[in-house]
Every structure is written in C-alpha cells, then in structure tokens.
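A short write-up of the structure that comes next.
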Amino acid sequence: MESPIEVVRRFCAAWGDGMAADDLAAFFTDDAVYHNIPFAPVTGRKAIADNFATFIRPGPPGIENIEFHVINIAADGPVVMTERVDVFRLPDKTFELPVMGTFEVSDGRISAWRDYFDTNQFTSRMG
C-alpha cells in the first residue's frame, strides 16, 4: 500500500493531468471532509466531486485547469502537510496562489483535506 505522502503526491499531480471532478474525488474516502478555509466544509465523496465540478469547468468565468506545484511536503504518520503554489488557468489569464494544505490519509485514501490561503489574494487575481 502507498504511504500517505505517496497518496498525496499522486493526488496533487492528478490536478495537473486534467482529471475530471469524479476522478479527483475517487482519491477520497466515502465520508471525507474537504475544507477550503474559511469557506464551509464539504463532506462526502459525492459532495466533494460536485464541489470540484463547480469551479473546474471550461469557459468564462470557470477555471480551466489547476496545477499544484509542491514546494515542500512532510508527513507525521497519516497526516501530510504541503506547501504549494497552485497555478490557475482561466480562459484569458493564468495566476499563482501560495497555499498550505493538510491531508489526513486512511487506508490509502484521503479522509480529510484542509487548505489555507489568502482569500483576498485569490479573489483579486480571479478578477
């Protein structure tokens, strides 16, 4: 079985591979929690897939692609922390956003994912 770091590395790489929302959600346990701080948490694999589908879509104002560039990654047992630069590709521009993420991995799947970033920086760059 993959280590928690290997699961998270593969998940982060999958974003740049252009995977569909359902394929990305397949990395999660059925009862997983995805929380983009300070937005409300999303619970359950299906709800996570639906959430991903709301912002990854072609055409304005959607995000056509996101790549996670992992700067640093560390694990303590099932908890994996990432320092990343996420690259957002929109129809008319591309921008980067520094992000810190915490993942909890259980039996080879992500059971919790929390991302911390500056929402003002994100919204100003989204336009």
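Every read-out reported here was derived from the displayed coordinates using simple, explicitly stated rules and does not represent laboratory data. Note that this is a predicted model, so its numbers are computed, not measured. Backbone-built Cβ (ideal geometry, glycine too); neighbour counts: all protein chains shown.
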What are the residues whose amide H is under 5 Å from the amide H of Asn65, where those residues sit 5 or more places off or on another chain and H is modelled from the backbone? Arg89
Long-range amide H partners of Ala32 with built H, under 5 Å: Gly44, Arg45
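Please give the charge dipole size of the chain, origin at the Cα centre, charges +1 on K and R Cβ atoms and -1 on D and E Cβ atoms. Round to the nearest 20 debye. Kindly include the intermediate steps, with their values, before the conclusion.
Numbers: 11 positive and 19 negative charges, 54 e Å.
The calculation lands at about 260 debye.
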Give me Glu6, Glu67 ranked fewest to most by other Cβ atoms within 10 Å of their Cβ, as a rough exposure proxy. Glu6, Glu67
Of the candidates Ile110, Ile63, Ile48, which one comes out as most mobile in a Gaussian network treatment of the chain with C-alpha springs shorter than 10 Å? Ile63
Evaluated at q = 0.16, 0.18 Å⁻¹: base-10 log I(q)/I(0), Debye formula over Cα of region 44-94: -0.65, -0.76
Principal axes of region 52-127: Cα extent on each, largest first, Å: 41, 22, 18
Over the chain, what relative contact order in percent results from Cα pairs under 8 Å that are six or more residues apart? 26 percent
Using alpha carbons only, how many angstrom separate the centre of region 6-74 from the centre of region 95-114? 9 Å
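Where does the chain land on the Kirkwood hydrodynamic radius, alpha-carbon pairs, in angstrom? Please report the intermediate quantities before stating the final value.
Values: mean 1/r = 0.0678 Å⁻¹.
Answer for the chain: a Kirkwood hydrodynamic radius of 14.7 Å.
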Among Asp22, Asp76, Asp30, whose mean-square fluctuation peaks in a Gaussian network model of the chain (Cα, cutoff 10 Å)? Asp76
If contacts are Cα pairs under 8 angstrom and at least 6 residues apart, what is the relative contact order of region 53-127 in percent? 22 percent
Of Ser3, Gly44, Ile73, which is farthest on the positive side of the dipole of the chain, counting Cα position, with +1 on Lys and Arg Cβ, -1 on Asp and Glu Cβ, and the Cα centre as origin? Gly44
For the chain, modelled as a GNM with alpha-carbon contacts under 10 angstrom, which of Phe55, Phe88, Phe27 fluctuates the most? Phe55
Give a residue-ordered list of calculated ³J(HN,Hα) values for region 15-31 (Karplus: 6.51 cos²θ - 1.76 cosθ + 1.60, θ = phi - 60°; whole Hz; x for Gly, Pro). 4, x, 7, x, 5, 6, 4, 5, 5, 5, 5, 5, 6, 9, 6, 4, 9
